[in-house]
Amino acid sequence: MADALDREEQAALMDREIYELALQQPDGLDADFLKVALPNYPLEVAVNGVNRLLKAGRLELMQVGTRILYRGVHAGEFERMAGLTGDERLVYKHIENSGNEGIWVRTLKQKTNLLQGVITRCLKGLEQKALIKSIKSVKHPTRKLYMMIDISPSSDITGGPWYTDQEMDTDFIEQLASQCYKFIYLQSYPRAMPRGVYSANHMAYPKSSVVHRHISTNGISTVALSVEHIEELLTMLVYDGKIERIAPAFEVDMGRGGGQSLGTKPKTDWMYRALRVSNMDSPFTDIPCGRCPVYDQCGDTGAITPAKCEYLKTWLSF
């Protein structure tokens, strides 16, 4: 009797050691790792401990390439999965692995090889247990995606700040674009001479980062916006003919943006200038090179050259 108790205590002690080792290895551990980490136990005894932990739900089995790994299941995760069936556990793990992108029912069926009815039953059970939630994607409105209950969907799913309840918020976009235009306009012309213009070598026009700081610090938007979001608005204003891009030519010529690999060019950090609305455009307003979107690709040879530029020809012929 005493020997049996000793064996049970030893098994429990070994199981605890294996479990603690597994928690310390978030990417999982294999049999070779256990052999080195537990030199006092024969490998077959350690394997028996792994099997007991797998059966108890304290470890989960993973396959990475040809390797079989064991990952420790944390206490909170173990409690969430304690009452799940085998099929529910399988569906749950695939949904968990999808992260903030979510997973489509058809993809779940392909990955789990379960029947549609079984998947539907598992999803319903997991939703009732408040473990997962269903969401819709702005890219695929007819698809229902599933993800963990406590994860926020990515901007690719929700549409980012420009969408509210899967609907594009045109009023918000127009109001924010208007604020961007007003700020750029105030930086585009001398305040002492409202109808005047800056000299051709003026390089103090705002960049997207400056516009972003203005929007953020003045509380113009209650929604958190990134510089990339502001650049999307500025691109829209460019296409609407309200502002123009100006390439910081000297920055490229002076060789800034080091660290670029050979044969590649750094991303252009555009400056933006507001345009005055006029009934008649004059070629003297500005040389086309100053607002050319492919300025950094122009050269003496190739598809884009001054000799082949129709805009430059029109400007020179005025």
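The values are calculated or read from the model by the stated rules, or taken from the named source; none is laboratory data. Quick caveat: nothing in here was measured; it's all calculated off a predicted structure. Positions of Cβ are backbone-derived with ideal geometry, glycine not excepted, and every protein chain shown enters the neighbour counts. All accessible areas refer to the heavy atoms of the entire protein, side chains included, with ligands and DNA or RNA removed. Shrake-Rupley method; radii C 1.70, N 1.55, O 1.52, S 1.80 Å.
Quick look at the numbers
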| item | result |
| --- | --- |
| Wholly enclosed helices (runs of 4 or more DSSP H) of region 75-171 bearing at least 2 residues open to solvent by less than 60 Å² (accessible area, probe 1.4 Å) and more than 30 Å from GLU232 (Cα to Cα) | 75-81, 86-97, 105-112, 116-128 |
| Residue in region 47-67 that is over 26 Å from LEU126 (Cβ atoms), part of a helix (DSSP H, G or I) and among the aliphatic types (A, V, I, L, M) present | yes |
| Among residues of region 25-60, those that are open to solvent by 90 Å² or more (accessible area, probe 1.4 Å) and either over 19 Å from ALA75 (Cβ atoms) or in contact (Cβ under 8 Å) with a residue 12 or more places away in the chain (or both), counted | 9 |
| Test: residue in region 175-186 that is surrounded by 14 or more Cβ atoms within 10 Å (Cβ to Cβ) and in a loop (DSSP other than H, G, I, E, B) | no |
| Breaking point among (1) in contact with a Leu (Cβ under 8 Å, 6 or more places away or on another chain); (2) open to solvent by 70 Å² or more (accessible area, probe 1.4 Å), for GLU9 | (1) |
| Tally, over region 187-205, of residues that are over 16 Å from ALA247 (Cβ atoms) and open to solvent by 80 Å² or more (accessible area, probe 1.4 Å) | 6 |
| Qualifying residue in region 234-242 (condition: more than 25 Å from THR158 (Cα to Cα) and either buried (at least 16 other Cβ atoms within 10 Å of the Cβ) or in contact with a Leu (Cβ under 6 Å, 6 or more places away or on another chain) (or both)) | yes |
